[in-house]
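One structure follows; several queries about it will come next.
The values are calculated or read from the model by the stated rules, or taken from the named source; none is laboratory data. Predicted, not measured: the structure shown is a model, and the values here were computed from it. With ideal geometry, Cβ positions are generated from the backbone for all residues, glycine too; neighbour counts draw on all protein chains shown.
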Amino acid sequence: MPSTSGPVAVASASASAKAAPSPDVGISPDLYPSEDDLAYEEEILREPFKLKGWWRYLVARAAAPFAKRAVIYERALKALPGSYKLWHAYLRDRLDHARPHPIDHPAYSSLNNTFERALATMHKMPRVWVLYLTSLLDQRLLTRARRAFDRALRALPVTQHDRIWPLYLRLASLPACPVETSLRVFRRYLQFDPSHAEDFINFLVSTNHWQEAANRLASVLNDDGFRSVKGKTRHQLWLELCDILTKHADEVAGLKVDAILRGGIRKFTDEVGKLWTSLADYYVRRGLFEKARDVFEEGVSSVVTVKEFSVVFEAYTQFEQSMLAAKLEAAEEEGAEDVNEGGGKKSGIDNLSKKFLDGFWLNDEDDTDLRMARFERLLDRRPELLSSVLLRQNPHNVEEWHRRVKLFEKDPARQVATYVEAVKTVDPMKAVGKPHTLWVAFAKMYEKHNRLDSAEDIFKRATQVNYKAVDHLASIWCEWAEMELRHNNFDKAIELMRQATAEPSVEVKRRAAAEGDEPVQMKVHKSLKLWSFYVDLEESLGTLDSTRVVYERILDLRIATPQIILNYAYLLEEHKYFEDAFKVYERGVKIFKYPHVKAIWVTYLTKFVHRYKRSKLERARELFHEAVQQAPPEEKKPLYLQWAKLEEDYGLAKRAMNVYDESVRAVPGSEKMAMYEIYIARAAELFGVPRTRQIYEVSVLSFPLGL
C-alpha cells in the first residue's frame, strides 16, 4: 500500500477535520491541522482505532484553544466511541471551558448535550454520572437533574448507588426543590440505607411534617437494632419524640401519645420530670385541661427525686397560674363587651335565667374563685408533696416522718393518719433513725389530748414490735411508765417496769430459739436502761426491801455498772445497813476490773476507814493490800497514801514507814521522786532528821546516775 506524505497527507487531514467539526464551533481556518500537527495526523491516519495516537495528539495540543482540542476529541470519539478515557477527559475539558461563563451561556447547553452523548456508551461508568449530576446541580436544572438521577440509579448496579445518593440528597435539600419531591427522594433513600433515618426525621421536622416525623421516630425507637449514626442515645431520640407529640398534638394522629410517654416514664428514670410535663402539655394543647391537671397530680405524686419534683411542680404552678390569668382576661373582655352593647342592661329573659340559675354553681361560668382556690391550695401543699417525695426515696426515714407530722400541726386527724401510715411503713430492721420514737410521739399526741386509753393502746402495740436494738424496746417501756407517772398512776408505772423486766418463760424461749432469729422481747429483761429506771422508781415510790430485791436482781443478771454498785451501797448506808453496804462493795470489786473499779475501791476504803477507824484495823490493812495488788502501777500512789494515812492516824508509825517504803518500789519511775519526797518529809516529822539519812541513801541508789 503506497504511503501518503507531504501535501497529500495534509489534504487528507484537512478533509478529516472538515468531516468532524465541533458541535459548538464554526468552521474556521484555525481549526485545520497545521504543519506541526502533520506527524500526529499521519499516525492517526495509519491507525485511527488506537487510543495511543489520539492521546499523544491531545497531550501535545494541551495548550491549544479549546475549539481546536474539541475538534480532535470529536474525531477521536467518532473513531473510538467506547473509550472511557477519552470521554472523561473531553467532559472535564468542557466543564473547565463552561465554568467561567454564566449559567445561560450556550457552552452549558453544549456541555449537557455532550454528557448525554457520552452516556449512550458510558452509562455504566459512575464517574461520568457524578460529573453530569454535579454539573446539573450547579446549573440548578432541578427537573432535568431529578430525571438524570433516576436514570443513574437505574443504570448503575446497587453496589455503586452510594456514589449517587449523596448528590441526590443534596438536590432534595435545595431550597428551590419542591417539598413533595424532597420527601419522595428521602423515602427512596431510606429503602437503600435505613440507618440514615435521622437525616430524614430532621428534614421532616424542618419542613413541619410532624405526623410523618413522629411515625418515623416511633418506628426507629421500636427497632431494637437501630444505631444512631449521629451518636444520639435512645433516650435523646425518645425526648425528641415527646417534644413532637406534645408541642404539635393537633397535627399528630394515630399514635397513642399517653402510652408512649408513660412507657418513657417507666423506662427512663433520669428524665421523669420532663416526661410528666410533656404529657401534661400534650393534654393542654388539646384543650383537655382537667386531664392535664390529673397528669400533673400524678406526676408530683410519683416522682422520687427533689430535682424531678421541682420540674413538675413548677410546670404545675405555671399551668394553674396561666389558667387563672386566662379566666381573668376573659372576664374583663366580657365586661367590656357588655358595656359597649347596652350600657350593662340585659333583656328580661337573661335576667330571668340569672334569677333561677345563679344559685347553682354548675351553671356559673365565672369560676375565678375556684381557680384561685386551686392555685393557693397547690402552693400550700408544696411542703407536703415534697415530704412525700423524700419518703418515696426512703420510706424508712424516721426523721422525715417526724417532719411530715409537724406539717399537720393544726390538723390532728391528719397527724393520726400520718402516724398510722408511718408505723405501718417503717421497717425497724431497715429504719434510718430510731423507729421507736414514732410510737412514742404517736402516744404522746393522744396524751396531749387527754386520751390516755388510746395512748396506752399505742404503747402496748409498740412493745410487740420486733426492733433492731433492745434499747429501742426498753425506751418504749420507760416512756410508757413516765406517762403513767405524769398522771400520778404510780402503781401502774411500777407494774409496767415489773412486767418489762420479767424473764420470759422456758417455753417462750424454746419457741423463739426454734424460729431462729431471736426477737428483742427475749432480751429486754436484761436491759440496763430498764433496770435503772425500775430501781429509781422503787427508791422513790417503793420500800427498802422492794428496792433491794431490784438491786439484787441487777447483780444476779451481771448487768450492773460501777455507779449502780455505789448507788446500792449508798442506799444501804442511808438506812444504817453498813455491813450490807460493805458486802455490796466487796461484790463490786470482784465484778469489775481497772479502770472501772477505781471509784469503787476509793469509796469502799474511805467509807470503811471512816466507819471503823482503828476497831477493825487488820481488816482495813487486808483491804488496802488487796487494793494495791489489783491496781496498775500508775494507780497505786493514791492508794498507798491513803493506806499510810490510816497507819499514821490509827496504827503504828513504823507500819506507816513500811507502807511508804513499799510504795516507792511499786509506783512507776515518773512518780518515784514525788513519792520519795513525801516519804522523807513524813519520816523527818515522825522520827526526826537522822532517820531520813537511810532513806536518802536508798533513794540515791534507786535513781540512775544521769538523772
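Listed here are the residues, each with its yes/no results for (1) within 22 Å of Lys523 (Cα to Cα); (2) crowded, with 19+ Cβ neighbours inside 10 Å; (3) touching a Leu at 6+ places or on another chain (Cβ under 7 Å); (4) not hydroxyl-bearing (Ser, Thr, Tyr).
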position: Asp545; (1), (2), (3), (4): no, no, no, yes
position: Val550; (1), (2), (3), (4): yes, yes, no, yes
position: Ile554; (1), (2), (3), (4): yes, yes, no, yes
position: Arg558; (1), (2), (3), (4): yes, no, no, yes
position: Tyr570; (1), (2), (3), (4): no, no, no, no
position: Tyr577; (1), (2), (3), (4): no, no, no, no
position: Val584; (1), (2), (3), (4): no, yes, yes, yes
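Also: Being under 30 Å from Lys637 (Cβ atoms), modelled with pLDDT of 85 or more and either more than 54 Å from the chain's Cα centre (by Cα) or loosely packed, with under 14 Cβ neighbours inside 10 Å (or both): is that true of Tyr594 here?
Considered against the rule, which asks whether it is under 30 Å from Lys637 (Cβ atoms), modelled with pLDDT of 85 or more and either more than 54 Å from the chain's Cα centre (by Cα) or loosely packed, with under 14 Cβ neighbours inside 10 Å (or both), Tyr594 comes out as no.
Something else about it: Among all residue pairs at least 6 apart or on different chains, which show Cβ distances below 8 Å where the first residue, located in the stretch 477-492, is closer than 22 Å to Lys526 by Cα and the second is assigned to a loop (DSSP other than H, G, I, E, B)?
Trp477/Thr463; Trp480/Thr463
OK, next. Would a scan of the stretch 269-291 turn up a residue that is under 17 Å from the mean Cα position of the chain (by Cα), outside any helix (DSSP H, G or I), surrounded by fewer than 22 Cβ atoms within 10 Å (Cβ to Cβ) and modelled with pLDDT under 90?
No; the residues of the stretch 269-291 include none that is under 17 Å from the mean Cα position of the chain (by Cα), outside any helix (DSSP H, G or I), surrounded by fewer than 22 Cβ atoms within 10 Å (Cβ to Cβ) and modelled with pLDDT under 90.
Looking for whichever is surrounded by 14 or more Cβ atoms within 10 Å (Cβ to Cβ), without any contact (Cβ under 8 Å) to a residue 60 or more places away in the chain and more than 21 Å from Leu167 (Cβ to Cβ) here; the options are Gly53, Gly82. Which one fits?
Just a single option satisfies the conditions, and that option is Gly53.
To continue, here is another question. Regarding Tyr660, is this residue at pLDDT below 70, closer than 30 Å to Lys607 by Cα, in contact with a Phe, Trp or Tyr (Cβ under 6 Å, 6 or more places away or on another chain) and surrounded by 12 or more Cβ atoms within 10 Å (Cβ to Cβ)?
Considered against the rule, which asks whether it is at pLDDT below 70, closer than 30 Å to Lys607 by Cα, in contact with a Phe, Trp or Tyr (Cβ under 6 Å, 6 or more places away or on another chain) and surrounded by 12 or more Cβ atoms within 10 Å (Cβ to Cβ), Tyr660 comes out as no.
Regarding the stretch 484-500, can at least one residue be identified that is surrounded by fewer than 16 Cβ atoms within 10 Å (Cβ to Cβ), among the hydrophobic types (A, V, I, L, M, F, W, C) and at pLDDT below 85?
Within the stretch 484-500, none of the residues are surrounded by fewer than 16 Cβ atoms within 10 Å (Cβ to Cβ), among the hydrophobic types (A, V, I, L, M, F, W, C) and at pLDDT below 85.
Let me ask something additional. Considering only the stretch 591-599, I want to know if a residue exists there that is among the aliphatic types (A, V, I, L, M), assigned to a helix (DSSP H, G or I) and closer than 30 Å to Ile680 by Cβ.
no
For the stretch 373-469, which helices (runs of 4 or more DSSP H) that fit wholly inside it have 3 or more residues that are surrounded by fewer than 16 Cβ atoms within 10 Å (Cβ to Cβ)?
In the stretch 373-469, 382-393, 398-406, 412-425, 452-462 are the helices (runs of 4 or more DSSP H) which contain 3 or more residues that are surrounded by fewer than 16 Cβ atoms within 10 Å (Cβ to Cβ).
Could I ask something else about it? Being closer than 16 Å to Val597 by Cβ and part of a helix (DSSP H, G or I) is the filter here; which residues of the stretch 532-574 pass it?
Of everything in the stretch 532-574, those that are closer than 16 Å to Val597 by Cβ and part of a helix (DSSP H, G or I) turn out to be Leu555, Pro562, Gln563, Ile564, Ile565, Leu566, Asn567, Tyr568, Ala569.
Give me the helices (runs of 4 or more DSSP H) completely within the stretch 163-233, filtered to those with at least 2 residues that are touching a residue at least 12 places away in the same chain (Cβ under 8 Å) and closer than 25 Å to Gly254 by Cβ, ordered by residue number.
Per the criteria, 179-192, 197-206, 210-222.
Now for a different question. Among Val71, Val10, Val25, which is modelled with pLDDT under 85, surrounded by 17 or more Cβ atoms within 10 Å (Cβ to Cβ), β-branched (Val, Ile, Thr) and in contact with a Pro (Cβ under 8 Å, 6 or more places away or on another chain)?
Answer to the check: Val10.
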